[in-house]
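Peer 1: Structure in structure tokens, see below.
The values are calculated or read from the model by the stated rules, or taken from the named source; none is laboratory data. This one's a predicted model, so the numbers in the text were calculated from it and none came from an experiment. Quick reminder, even Gly has a Cβ in these numbers, built from the backbone with ideal geometry, and neighbours come from all protein chains shown.
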Amino acid sequence: MNSEVYDVIVVGGGPAGSIAAEDLAKQGLSVMLLDRAGRIKPCGGAVPPQMLRDFDVPREVLEAEVTSARMVSPSNNAVDMPIEIGFVGMVDRGHFDEWLRERAATAGAVRQDGTFMSLGNSDGRSRELIYTPGKKGCTTEPVSVRARYIIGADGAKTKVGRAAVPGAEKLQSVFAYHEIVEAPQHESSLNRSTDFNFALEADPLRCDVVYNGKLSPDFYSWIFPHGKTISVGTGTAVQGFGIREAVTALRKQSGLDTARTIRTEGAPIPMKPLKRWDDGCHVVLAGDAAGVVAPASGEGIFYAMTCGRIVAESVAEAIATDNPACIKKARKRFMKKHGKVFWVLGIMQKFWYHSDKRRERFVTMCADADVQKLTWESYLNKKLVGRDPMAHVRVFIKDVGHLLGIGSETGKPDSKPTQL
Ligand SMILES: Cc1cc2nc3c(=O)[nH]c(=O)nc-3n(C[C@H](O)[C@H](O)[C@H](O)COP(=O)(O)OP(=O)(O)OC[C@H]3O[C@@H](n4cnc5c(N)ncnc54)[C@H](O)[C@@H]3O)c2cc1C
């Protein structure tokens, strides 16, 4: 048993935990970054350029830069949304997360491979944490360490949250599953035998987002290029839905059924921030553990990093002022910045992903210039959303009007969808 006391132990070296550990170590605090190494996070890997700017991530870390998105409706209408003001970055989570963890270590955080097991007693100043060292699956003797603060950045199934934060077990999520396949080197290696081949002009610079109740009854499916590989996946909160069968169907429909499968994997994506992120004295949650993924899009990497930074600020403040109550500020600060956008996106998800009729309409409206502008400005730069979260509501109202047949001239699509 070890009696070392850290200022902070961060459990989980994903985007949220790595940023929190790096920021705290840069301030001269003693930080341990504990991560259960050995498993690559299942993820589509799409990130906005604002993430690169906010967190000093060079473009070389990206596997690909995508310059358009193709939205595909239940009846196979396709609307292309070119990105005129930037690009969507694609990261490989195996490389990206390791790069972030190494950067945290360079800033002074002590990296430890190991699995968080449980929390022990508090002596008022610090709390005990027990973990098993080594890579995931290793059988080693548990080790005890102490820290004044513990950040649970251990993902949607957060064991830290369940051990310390009331309500953490109630995290609402969709389950997402994807298959990583080898990108066809030549168009001829795509299977042309099916009649619904929207990836036939397989474009390494385009994301395909598919809205179809057969492939996902309440979320969406995707085909995201990652340079030499492609992520083909889908998500749903519907228990018992055949998620693997849906991805098999999507691969067949997109001509990727004969591409070599490299990995198959799944994980929950939280859909609503938890009501409470902390235990009031030693423990605070960040990233997926706190539930901060944008509804409707499932965008979690940028928000996890932003949340990790905000949580680190609150913990640093708690240490500087010797006031544990400061850790409560993390949730307030995050929600003040992003809460309205999450709320609006949650309503949009419930409305547009409700039936194939609405999905059809949703894809059609993606041809609208206002919708494209709002989508790309808010996704790529996160600027519009900060300045004017109600812009989403205005477009939403306009589009509902459209759906109900009371749309004005301005609600008309600017380009016609293509029948595939
Ligand atoms: C299939 C899928 C596709 C997605 N696609 C996208 C996308 O394209 N773009 C996007 O922005 N978001 C996407 N997301 C969401 C995104 O992956 C998450 O929101 C993001 O990874 C959250 O980061 P995090 O650091 O909070 O948690 P995670 O990335 O889950 O990291 C948690 C870390 O904790 C570690 N850990 C867990 N338990 C323990 C333990 N007991 N002890 C020690 N360490 C532990 C894990 O090893 C991991 O490193 C997707 C998610 C899924 C499931």
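Peer 1: In the stretch 47-96, which residues are of a type in the set (Gly, Ala, Ser) and on the phi > 0 side of the Ramachandran plot?
Peer 2: Residues of the stretch 47-96 that are of a type in the set (Gly, Ala, Ser), as a first pass: 64, 68-69, 73, 75, 78, 86, 89, 94.
Of everything in the stretch 47-96, just one residue is of a type in the set (Gly, Ala, Ser) and on the phi > 0 side of the Ramachandran plot, namely 86.
Peer 1: Tell me which residues, restricted to the stretch 234-268, are farther than 12 Å from residue 177 by Cα and of a type in the set (Asp, Glu).
Peer 2: Across the stretch 234-268, the qualifying residue is only 257.
Peer 1: A further question follows. Assuming residue 236 fulfils every condition listed in (1) in contact (Cβ under 8 Å) with a residue 60 or more places away in the chain; (2) closer than 29 Å to residue 49 by Cβ; (3) within 13 Å of the ligand (Cβ to nearest atom) apart from one, which condition is it?
Peer 2: (2)
Peer 1: Kindly indicate the residue of the stretch 306-324 that is of a type in the set (Asp, Glu) and in a helix (DSSP H, G or I) and also nearest to residue 334 (Cα to Cα) among those meeting that condition.
Peer 2: So the first thing to find is which residues in the stretch 306-324 are of a type in the set (Asp, Glu), and the list is 313, 317, 322.
When the remaining residues are screened for being in a helix (DSSP H, G or I), the result is 313, 317.
On the way: 313: 11, 317: 15 Å.
Ranking the qualifying residues of the stretch 306-324, first place goes to 313.
Peer 1: Quick check on this structure: which one of 51, 71 is in contact with a helix residue (DSSP H, G or I) (Cβ under 7 Å, 6 or more places away or on another chain) and closer than 19 Å to residue 231 by Cα?
Peer 2: Exactly one residue qualifies, and that residue is 71.
Peer 1: Answer with yes or no whether residue 276 is surrounded by fewer than 20 Cβ atoms within 10 Å (Cβ to Cβ), within 21 Å of the chain's Cα centre (by Cα) and in a loop (DSSP other than H, G, I, E, B).
Peer 2: Yes, satisfied.
Peer 1: Do we find that residue 23 is crowded, with 21+ Cβ neighbours inside 10 Å and on the phi < 0 side of the Ramachandran plot in this structure? Steps first, answer last, please.
Peer 2: Working: crowded, with 21+ Cβ neighbours inside 10 Å: yes; on the phi < 0 side of the Ramachandran plot: yes.
Here the answer is yes, as residue 23 does meet what is asked.
Peer 1: Here is a follow-up. Quick test for you: out of 291, 300, pick the one residue that is modelled with pLDDT of 95 or more, within 14 Å of the ligand (Cβ to nearest atom) and closer than 17 Å to residue 93 by Cβ.
Peer 2: Testing whether each residue is modelled with pLDDT of 95 or more, within 14 Å of the ligand (Cβ to nearest atom) and closer than 17 Å to residue 93 by Cβ leaves just 300.
Rundown of residues vs (1) over 26 Å from residue 21 (Cβ atoms); (2) at pLDDT below 95; (3) surrounded by fewer than 19 Cβ atoms within 10 Å (Cβ to Cβ), yes/no style:
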| position | (1), (2), (3) |
| --- | --- |
| 130 | no, no, yes |
| 135 | no, yes, yes |
| 141 | no, yes, yes |
| 174 | yes, yes, no |
| 203 | yes, yes, yes |
| 221 | yes, no, no |
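Peer 1: Moving on to the next point. For the stretch 1-92, which strands (runs of 3 or more DSSP E) that fit wholly inside it have 3 or more residues that are away from the ligand (no atom under 13 Å from the Cβ)?
Peer 2: Hits in the stretch 1-92: 5-11, 68-72, 77-82.
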